[in-house]
Amino acid sequence: MSKISRIKGFFDLFPPESTAYVFMEETARDIFSRYGYQEVRIPVVEQTELFARSIGQETDVVQKEMYTFPDRKGRSITLRPEATAGVVRAYTDSPLAGTGNVSRLFTFGPMFRYERPQKGRTRQFHQINVEVLGEDSPWSDAEVIIMLWTYLRALGLSKLDIELNSLGCSQCRPAFHQALKQYLQGVDHDGLCSDCQRRMSTNPLRVLDCKVPGCRDLVMDSPRINQNLCENCEIHFERVVSMLDKAGLNYHLNPNLVRGLDYYQRTTFEVVSHDIGAQSSVAGGGRYDGLVRALGGPDVPGIGFACGMERLAMLLGQVNQKPQDFYLAVLHEQAMDKALLLAQRLREKGFSGEMGFQVKSVKAQLRQANKLGVKTCLLLGIDELNKGEIQVKDMATGVQRGVSQDDVEQALGLNIKAKNNNYLRNG
Ligand code: HAM
């Protein structure tokens, strides 16, 4: 039978690559929870209209990159190309939207974009996604950016640049669109790609985000949004920038940073790396104050970001799991039951380890313990079974001694607190 191959642009993840993903997720849980964020889980498929309305009809994502198909009843559904629209939809559907409180939410998961696969660009990719709903303070923008930076530092990444811009709001954007349209009418239209020739009148801001070199050249001298902000947007941005200065963050103001999604207003930012090739953006985000209302929810402001996990993984290199505490080697089949119960007791006490289910020589068992990198190898043969003992071998020093089976925990020498003690359970 012929083998069935995986789909182009989609990947399987095994250790050690998958370990890097677990590390990124666990570090995110740790750091984000210090700022009061909570994890949400949302569907990977939504009605197509959700993305068309939020991300914008004129964006590359909606025009060319969505996995859209009819379900069995002919309704158009789409694999999520990003998480913000889904989080906002879920928030609007939930009791959170009516509370008037600030909601700080994060989620992880796969996203899907039908792009040309290349280094750092896949068709299924994974994001760590953060959203704050219900807060419009510029200090909140600064805190979100500082938290992103703190997270990246906690991963051990520091050779990264932050780019920052403000895209204005519904007050100042129309005048800027007008100025941009006027400018674009004055350039050689034939030099613009066919998409941009259309976008010129439908959504001129998108022309600034076009990746086609000819279009990029033609907008080099275009009006800049940061020179056309209304007073409120200017004050808001000044406060964000001043706070980032006080927090000692290095950033670079980039007036061309318009982002590839239409819902942004005011503060936008990206984190870029110069070590991973052309697809250099490892995280991106910004404020989206009109989005919740545009999707039928209350008039609630929002800001957030997403990190691309594939790109972060390229920077992290190999991440290894911590070795287990023990390997339990069985030297006689009659010792198998006792060994399994002992191993179970140790795990319930918080130790981690595995046991071998094949009876092998001591030499072969120690080789296995070495391969696993454990600190301690426990050996259980017929003699130990009869005496109620177990051999404990320190793999680093080679010292081996027999101890009572009642004292294995002590012999492992670790004082491990029971896991899960960060949670309060009722019932
Ligand atoms: P985005 O800039 O489209 O923003 O994506 C965020 C990150 O996802 C990018 O910086 C990149 O690292 C990664 N990424 C995007 N496309 C691909 C791909 N094809 N292959 C690999 N990685 C990719 C958003 O998605 C917004 N929803 C972020 C946001 C949250 N804004 C506010 N809240």
If you put +1 on each Lys and Arg Cβ and -1 on each Asp and Glu Cβ, how big is the dipole of region 286-427 around its Cα centre, in Debye rounded to 20?
320
Residues whose built amide H sits under 5 Å from the amide H of Gly168, excluding neighbours closer than 5 in sequence, are Arg266
Please give the charge dipole size of region 173-270, origin at the Cα centre, charges +1 on K and R Cβ atoms and -1 on D and E Cβ atoms. Round to the nearest 20 debye.
240
Which residues does the label zone of Arg116 cover in region 65-81, counting backbone N under 18 Å from a point 7 Å along Cα→Cβ?
65-66
Once amide H atoms are placed 1.01 Å from N in the peptide plane, what residues at a sequence separation of 5 or more from His126, or on another chain, have their amide H within under 5 Å of its amide H?
Met111, Met309, Glu310
Counting every Cα pair in the chain, what percent are over 43 Å apart?
30
Along the positive direction of the dipole of region 247-352 (beta-carbon charges: Lys, Arg +1; Asp, Glu -1; about the Cα centre), which of Met336, Gly297, Leu346 reaches farthest?
Leu346
Using a Förster radius of 22 Å, what is the FRET efficiency between Met336 and Val399 based on their Cβ-Cβ separation? Nearest 0.05, please.
0.25
J(HN,Hα) series, region 222-232, from Karplus relation 6.51 cos²θ - 1.76 cosθ + 1.60, nearest Hz, glycine and proline x:
6, x, 9, 4, 5, 9, 10, 7, 6, 4, 5
Once the piece of chain linking Gln358 and Arg224 is laid out straight, how much longer is it, given 0.36 nm per residue of separation minus the C-alpha distance between them?
41.2 nm
Which value, in debye to the nearest 20, gives the size of the charge dipole of the chain about its Cα centre, when Lys and Arg are +1 and Asp and Glu are -1 at the Cβ?
1040
Mind listing the phi-derived Karplus ³J(HN,Hα) values for region 383-393, rounded to whole Hz, using 6.51, -1.76 and 1.60 with θ = phi - 60°, and x for any glycine or proline?
4, 4, 4, 5, 8, x, 10, 8, 8, 10, 10
Could you work out the relative contact order of the chain, using alpha carbon pairs under 8 angstrom and six or more residues apart, expressed as a whole percent?
16
Among Tyr91, Thr107, Ser170 the positive-end extreme of the charge dipole of the chain (Cβ point charges)
Thr107
With unit charges on the beta carbon (Lys/Arg positive, Asp/Glu negative), name the residue among Gln47, Leu157, Leu205 whose Cα is farthest towards the positive pole of the charge dipole of the chain.
Gln47
Centre separation in Å (Cα based) which lies between region 232-288 and region 76-113:
22
Karplus ³J(HN,Hα) for region 92-99 (6.51 cos²θ - 1.76 cosθ + 1.60, θ = phi - 60°; Hz, whole; x = Gly/Pro) runs 4, 6, 9, x, 4, 5, x, 7
Search the structure for amide H atoms under 5 Å from the amide H of Glu46, placed 1.01 Å from N in the peptide plane, and list their residues when 5 or more places away or on another chain.
Thr78, Arg80
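Throughout, read-outs are computed from the coordinates displayed, never taken from laboratory work. As the structure is a prediction and not an experimental result, all values here were calculated from the model. Virtual Cβ from ideal backbone geometry, glycine too; neighbours counted across all protein chains shown.
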